[in-house]
Structure formats: C-alpha cells, structure tokens
Amino acid sequence: KLESEKQMLKQDAESLLVTLDTKLELIDFKLTKALEIENTRKAEKLAEKEEQQRLEREKEERARKERQEEGFQCLQREELEMQHPECKCYTVLNDTRRSVHHGNGTEAGSTPRKCDATGRSDTSPDWLGAGWYRMMGPAGTRIPEAPPGIWQCGTKASGWMTGSHPAVAGQTIDVIFCFDLKGYKGYSDCEWSTQGKVTHCGDYYVYYLENTPTCAIRYCATHHF
C-alpha cells in the first residue's frame, strides 16, 4: 500500500511539473509576443520621429532657400529699379473696361466709350497723360500684341502693341502702339499709332504711353499676349 501511494504521489508530481512547464511556456510565449509588440511600437515611434525630423529639416531647407531667393529677388528688384526707375514709379491702368473682352459701351444705359487723351470730357478715368503706366487687374496685366478688333476695350479703335514684349528682365525696347479700326469704312487695324516704350520689370511690364492722337481710341489690356 505504501508503495502504491508513493507511485501516485510521483505521478501527481510529474503531472504538476508538466502543467507548470506548460504554463511557463505559455507565459514565456506571451512575454515574447509582448516584447515583440513593444519593440515594434518603439520602432514605429522611432521611424515616425525620424520622419517628422526629416520633414522638419526639409521644411527648414525650403524656407532657407525661399529666404535666399526672396533676398536675391529683392536685390534684383532694387538693382532693376535703380537702373529703371519706371519699374517703381508708374501709374496704374486698371479700369475693367480696358479689357479686350469688354465692348465699346454704346449699348443703351451703358458707360460711353473712353479716350486716352487729357483735357476731354470722355478722358479715361485712369488716364493722366503721357508717362509710364502699368496694366493691372481687373483690366489685365499687359497690352495685347495682336489687334483686339474694333469696338473693344470700352472705346471705338482698340489699342495694341506691334512686335513682342522684351524677354529679359531690365530690358527696355522702343515699340509702336496701333489702334484697330479695321472693318469700319475701309480703315485698318493700325489706322492711328503712337510711339512708346516697354520695360520688362521682372514680374510685370511697364509702358511709356503718349496721349492718343484722336478720340475715341485708347490702350487695351489683356491677361495674355
């Protein structure tokens, strides 16, 4: 009987050891998985931090380059304005009726057509006489290089520039401005003309414009050449 009890106790102990081994293996597995998850999280956080640092460095580098470019452009503008004071001292022509897409204003109840000559009742509201001018919105940003057609730009004979604008910043060229009356009593698209200048001011152009030789004619504006 004593031998039998010893055998049972031995079996119970072995069974308990197996159970403990199983539980220890399970605990070890869980600890290993938890460690792997924690390491993965740490790696992800580190990668995220490194990515944020990289993005911040790129942002700082872009900002630095932008500041350098702004400083360079500022120096360029200052130098250009010193060489070409007209790039700083000009009159703005922005009457929306100067647009090549605006008619002549002869419809009933509309604004009468205008003229770029001083001392007249129909003088354009933004015209101050011969001098340097810059075209700006909402009218447009430049004088067109092609005839706009008759009855455009809030006038009768629409003004345009022959030839091309200067391609290099700081360049000034002599040009001829024509006034388009083609299609009316056999007139041409350069029935009248004035001599002038155009200067490339980097981001925009300025024009030296004379009073128009007659009325109702005036200089047009467009957003495209």
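The values are calculated or read from the model by the stated rules, or taken from the named source; none is laboratory data. Since the structure is predicted, the reported quantities are computational estimates derived from the model, not experimental observations. Glycine gets a Cβ as well: all are built from the backbone with ideal geometry, and neighbour counts include every protein chain shown. Calculation scope for accessible area: heavy atoms of the full protein, side chains included, ligands and nucleic acids excluded. Shrake-Rupley method; radii C 1.70, N 1.55, O 1.52, S 1.80 Å.
Observations
- The residues of region 121-134 that are under 25 Å from Tyr187 (Cβ atoms) and surrounded by 20 or more Cβ atoms within 10 Å (Cβ to Cβ), listed by number, are Ser124, Trp127.
- When the test is whether a residue is of a type in the set (D, E, K, R), over 28 Å from His84 (Cβ atoms) and open to solvent by less than 20 Å² (accessible area, probe 1.4 Å), Asp116 does not pass it.
- When every residue of region 180-190 is checked against the conditions, none turns out to be in contact (Cβ under 8 Å) with a residue 40 or more places away in the chain, touching a Phe, Trp or Tyr at 6+ places or on another chain (Cβ under 7 Å), of a type in the set (Asp, Glu) and part of a loop (DSSP other than H, G, I, E, B).
- You will find that of Pro112, Pro148, the residue that is under 29 Å from the mean Cα position of the chain (by Cα), at pLDDT below 95 and more than 15 Å from Val206 (Cβ to Cβ) is Pro148 and no other.
- Candidates Thr172, Thr162, filtered to the one that is within 28 Å of the chain's Cα centre (by Cα), over 16 Å from Asp95 (Cα atoms), without any contact (Cβ under 8 Å) to a residue 40 or more places away in the chain and open to solvent by less than 70 Å² (accessible area, probe 1.4 Å): Thr162
- Looking only at region 92-108, and only at residues there that are of a type outside the set (Gly, Ala, Ser) and open to solvent by less than 40 Å² (accessible area, probe 1.4 Å), the one that is modelled with the lowest pLDDT: Asn104
- Checking every residue in region 121-129 against the condition of being modelled with pLDDT of 95 or more and under 14 Å from Arg98 (Cα atoms) gives zero matches.
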